[in-house]
């Protein structure tokens, strides 16, 4: 049995959780001049993700327009997934523009245990994340998702084996994953409900609509044998430093962040991993925090490149209070591709990793170089070499 | 030693030990004359032989190279680096003046991937970095080309004295061979007037080598190198005063030969 956890109007729900005064206010979340997401009231008025903001406002002028915070939504989704992993190892999130669906595999559990687990999941999400989900349980992903969307918030619907077809039959046919052309053809043929499609002979459906139509026919009959495509949790590597007393000296913060990057990089290189997303967290003396992140064009674990990216983040840092702790993390880790190591020579940075980072932190990275011959045939001697810095060059 | 003299000596030792402690006077152990001191070969066998009791540049001790500009001091230092690297060591070059030439260094057969170039901002900072490098025990040979800047810096003398005092405590625990390059003014290099008075380096150095260019080496009308004489001015581990002649040719690759 597969459980489908549905979080309707996810982005709006996260915003309302952050600011309870928005609970009863219709919301339109904007990003880059377009609608990122909207609350259910605005969706009913015709506001859709991707619409220009001016059009959305004309459709539903009563809605309050606020900027979307995709990072926060990602973070909340990651927290929910972490909770769900404690219940079942196989998960498949399907984040949509409006709603978020998460499929959980309950394959090995018996019926009563599945229901108890579903109730416990519901309760835990409500308590720890403060969002209200709905849960549908069925033999396949499609009937489970339909079950979840058919009921109200904070409820669970369990479709017993064999009940799927009768449950799906009265639902409108557009609930199936149709493209525009198929939807038009079904409409012209007078097919309005899923049940009407399910009663057609499968050979005729195959002849008329091809293999995709055959698959839709099977979905309409409540047969969905797609497995849960579970992906491993996204690994994060982080390095943290706690100050004895609140630090306000920006130069020292920069020097320390270089050292944290070195630590992070050496750990990742040991594990042969590279990361896509670099994040800096500053915990401030006044109890607040400052967080910013940057997504790298190419994943890396090289200290030079990581430091260049972190410098950009540090430039944006607005610190109006002493920093008590600093954390640098690299997420979305993937295995590093193999590379040819030098056969006879060992890079100096690797060889002296034990003491060189300390020297760089203490005296500054602009004091230490590794000379490298770049063009021995250049007429001017000063053009024949390059002084390569270790960090921050 | 006669019995009277021995008794007097024992009484004197007892008096000193009562007053200054047992460790104030201790009996010395016999020194093995066959065991060689840990060292880095210079790459010039006659010079290694001239360094009696060592066989090269001593590790864990200070070495000073003196000479007029273009006498071959820097080249000799680079050849020592190349030899140290051949034995698996890494090297550091403290270049305060910003005159380090990687192209020439590579032609002296130095492996640049095993060379750390340090460009400090001030003389005292350069000395601090030297101390950290030696304390870190990460480098096998360290060339300090910042002495002229310490001479011109009003605080340089004092900073160098303090740093050398600390280095003398750090060096016995480190395998590093620090080499200080002290350029002398043009003219009579043997004249003491050319050497700064009150400079602490000669006192702390275990080995002091003076380089003097003897003549250019010519092939037809072309100059293909030069010949220099190296005099061992000081050797705390053996007899000083010996000299060796070395020749340095530069035809694409800088080579050091002994003559």
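The values are calculated or read from the model by the stated rules, or taken from the named source; none is laboratory data. Note that the structure is a prediction, hence the values are computed from the model and not measured. Note: ideal-geometry Cβ built from the backbone for every residue, glycine included; neighbour counts use all protein chains shown.
Once the stretch A:192-217 is narrowed to residues that are in a helix (DSSP H, G or I) and without any contact (Cβ under 8 Å) to a residue 12 or more places away in the chain, the residue that is surrounded by the most Cβ atoms within 10 Å (Cβ to Cβ) is A:215.
When residue B:80 is tested against the conditions (1) touching a helix residue (DSSP H, G or I) at 6+ places or on another chain (Cβ under 8 Å); (2) closer than 25 Å to residue B:215 by Cα, the lone failure is (1).
Conditions tested, residue by residue: (1) buried (at least 18 other Cβ atoms within 10 Å of the Cβ); (2) closer than 23 Å to residue A:17 by Cα.
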| site | (1), (2) |
| --- | --- |
| A:62 | no, yes |
| A:67 | no, yes |
| A:72 | no, yes |
| A:76 | yes, yes |
| A:80 | yes, yes |
| A:95 | no, yes |
| A:116 | no, no |
| A:127 | no, yes |
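For residue B:19, indicate whether it is exposed (fewer than 11 other Cβ atoms within 10 Å of the Cβ), outside any loop (DSSP other than H, G, I, E, B) and modelled with pLDDT of 85 or more. No: the conditions fail for residue B:19. Filtering the stretch A:29-51 to residues that are farther than 17 Å from residue A:96 by Cβ, touching a strand residue (DSSP E or B) at 6+ places or on another chain (Cβ under 8 Å) and at pLDDT 85 or above leaves only A:30.
Can you tell me which condition residue A:388 does not meet? The list is (1) closer than 26 Å to residue A:247 by Cβ; (2) at pLDDT below 85; (3) not in a loop (DSSP other than H, G, I, E, B), and all the others hold. Among (1) closer than 26 Å to residue A:247 by Cβ; (2) at pLDDT below 85; (3) not in a loop (DSSP other than H, G, I, E, B), residue A:388 violates only (1). Those strands (runs of 3 or more DSSP E) of the stretch B:46-147 in which 3 or more residues are over 15 Å from residue B:179 (Cβ atoms), within 8 Å of chain A (Cβ to nearest Cβ) and in contact (Cβ under 8 Å) with a residue 40 or more places away in the chain are absent. Take the residues of the stretch B:215-228 that are touching a residue at least 12 places away in the same chain (Cβ under 8 Å) and surrounded by fewer than 16 Cβ atoms within 10 Å (Cβ to Cβ): which is nearest to residue B:183 (Cα to Cα)? Here the answer is B:215.
Here's the yes/no breakdown for (1) closer than 30 Å to residue A:91 by Cβ; (2) touching a residue at least 24 places away in the same chain (Cβ under 8 Å):
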| position | (1), (2) |
| --- | --- |
| A:238 | yes, yes |
| A:241 | no, yes |
| A:249 | no, no |
| A:259 | no, yes |
| A:266 | no, yes |
| A:279 | yes, yes |
